[in-house]
1. Can you give me the number of residues within region 39-61 that are part of a helix (DSSP H, G or I) and more than 16 Å from ligand 2 (Cβ to nearest atom)?
2. Give me the pairs, please: first residue somewhere in region 526-551 and at positive phi, second residue anywhere and surrounded by 15 or more Cβ atoms within 10 Å (Cβ to Cβ) and modelled with pLDDT under 95, beta-carbon distance under 8 Å, and either six or more positions apart or on two chains.
3. Quick one: would you say residue 365 is away from ligand 2 (no atom under 14 Å from the Cβ), at pLDDT 95 or above, assigned to a loop (DSSP other than H, G, I, E, B) and out of contact with any strand residue (DSSP E or B) (no Cβ under 7 Å at 6 or more places or on another chain)?
4. Kindly indicate which of 166, 223 is in contact (Cβ under 8 Å) with a residue 12 or more places away in the chain, within 16 Å of ligand 1 (Cβ to nearest atom) and touching a helix residue (DSSP H, G or I) at 6+ places or on another chain (Cβ under 7 Å).
5. If you scan region 227-247, which residues turn out to be away from ligand 2 (no atom under 16 Å from the Cβ) and within 15 Å of residue 417 (Cβ to Cβ)?
6. Which residues, taken from region 292-337, are assigned to a loop (DSSP other than H, G, I, E, B), at pLDDT below 95 and more than 16 Å from ligand 2 (Cβ to nearest atom)?
7. Name the single residue, out of those in region 109-151 being under 24 Å from residue 499 (Cβ atoms), buried (at least 17 other Cβ atoms within 10 Å of the Cβ) and more than 25 Å from the chain's Cα centre (by Cα), that is modelled with the lowest pLDDT.
Ligand code: FAD
Ligand code: NDP
């Protein structure tokens, strides 16, 4: 049901059950058996990704009878995969492995200058060192298949019934699904439903040739041929991560950004990430969007030859460039269109297709809940997992703990990663006012890379090979002055940002202040120790670029 027509109800039924102490499983069963005929299942979960798997296993652990539906529609390029959802098959896991492969490529230069007898490395081309795309894909896909298999085993051992079929609502308690082999429609009944259908990449259909010739993150990790010269369209997480690892794997990569990179993130850090990527060889083309993609014959060395017209909306200028691969990283759309939500009174936003939920992930249909990428919250695996687990615990384990969507840490896995938790400088200023904020900054060079003088690759193309990369690191704390300088934003650009940021996320959740950070003893020599004694404030106007040295 479209949002305007219905507002999610208050949590009255659930709260009444909890307060009368009948939210635990035995009393939950007593309640349901008092009503009309016992349904086939206590809970049906639609979607076997991060959120759905977590919710299904947790509910079953609390004794609920659970069925989980998971079905993957092939991408327009025909790519499909097994159980586990986006993260395992076409998201976090294959992405992180390709990122790692890219980091290895980037480290050849360092290795040579640290005594390894490697062929000389000139910018993008590592003469004598060859990367085999097919071998990388094989290793990545083996890991993906292994994980997907272990998910199936986990459902079995948790006694969750797994149904590999596309599910939809016939009514709030009746789920209809197709039998994959016979094609027949089948039905089952359930007391409650959790929708965890995630999303799929959005390809702008108004661009002629985009759906036909473009690929997305659904395809790149299993692409049978090397990508070759690649255009990535988009400027956010997926675009930058994909461009980052392809560049480090020595492909020629351009990124078409229609506005800004990493919208919603701290501007200074986002621009730092893009600057470092540009210095490593990624070509950023700003303020453009593709307007057509045409495949030209003959192919180029076995790779498609795609003629892309790029338009600058402001000037109307159109340029034509030729690529072997065009990756659309232009956002994702929740898989809610074919669930039959209107028929069961589930309210959703018709613009974004995201399902409306209240603070306990309950939809406007009382027995139907939703978690993960299909609700208007952060699209991150740990968020989907935690929300799914907590929901199942509330429904079947007597818990009252709600999901807290604040202070969620995240990392963009670009060559120099960007990790953060809490507010960006801009968000803090907007929320509390500029005067209420103290921002502390330090830009510095990572020790190991400064020793080898890792060069800018972009400038290598213009005969400036010996120019070093800009400072590789940016450490930043955003503090609230009238609250004892409580740290409300933590930002880190540098190597291993995911590892660095995770621990600091706990500190921010516990309310750490700038003085707590100052009292912390560093681990030397690391990049993370920079947070022990940040002294330069934005307000001072002093330079925050470190002069170098040790301690
Ligand atoms: P999903 O994992 O998408 O699972 C939904 C499942 O439901 C899918 O298998 C789908 O096919 C199935 N389904 C849909 N409709 C139906 C139906 N009607 N019947 C049956 N089955 C159905 N997050 C991070 O935290 N860290 C990262 O590093 C990271 N990297 C990412 C990289 C990429 C390239 C992408 C695309 C995403 C990345 N994410 C990352 C985001 C993360 O993958 C998602 O937030 C997470 O997978 C969402 O989980 P979910 O349970 O909501 O949905
Ligand atoms: P986002 O929605 O974050 O960003 C979409 C990007 O595409 C924006 O830069 C947007 O530009 C641009 N865009 C949208 N439409 C068009 C168009 N028609 N033409 C040109 N550009 C367009 O999507 P992503 O796909 O990057 O990521 C989806 C989510 O997945 C993320 O929000 C994140 O939560 C999750 N994710 C997490 C990762 C991690 O944890 N490391 C990694 C990857 C994904 P504009 O800003 O102008 O609108």
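The values are calculated or read from the model by the stated rules, or taken from the named source; none is laboratory data. Since the structure is predicted, the reported quantities are computational estimates derived from the model, not experimental observations. In this analysis, Cβ positions are derived from the backbone assuming ideal geometry, glycine residues included, and neighbour counts consider all displayed protein chains.
1. Going residue by residue through region 39-61, those that are part of a helix (DSSP H, G or I) are 50-61.
Narrowing the set further to residues that are more than 16 Å from ligand 2 (Cβ to nearest atom) leaves 52-61.
Summing the residues that are part of a helix (DSSP H, G or I) and more than 16 Å from ligand 2 (Cβ to nearest atom) in region 39-61 gives 10.
2. Pairs found: 548/450.
3. Yes: the conditions hold for residue 365.
4. Just one listed residue meets the conditions, 223.
5. Within region 227-247, 247 is the sole residue that qualifies.
6. 301, 302, 315, 316
7. 109
Results for (1) within 20 Å of the chain's Cα centre (by Cα); (2) without any contact (Cβ under 8 Å) to a residue 60 or more places away in the chain; (3) within 30 Å of residue 309 (Cβ to Cβ), shown as yes or no for each residue.
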| residue | (1), (2), (3) |
| --- | --- |
| 333 | yes, no, yes |
| 344 | no, no, no |
| 370 | yes, no, no |
| 373 | yes, no, no |
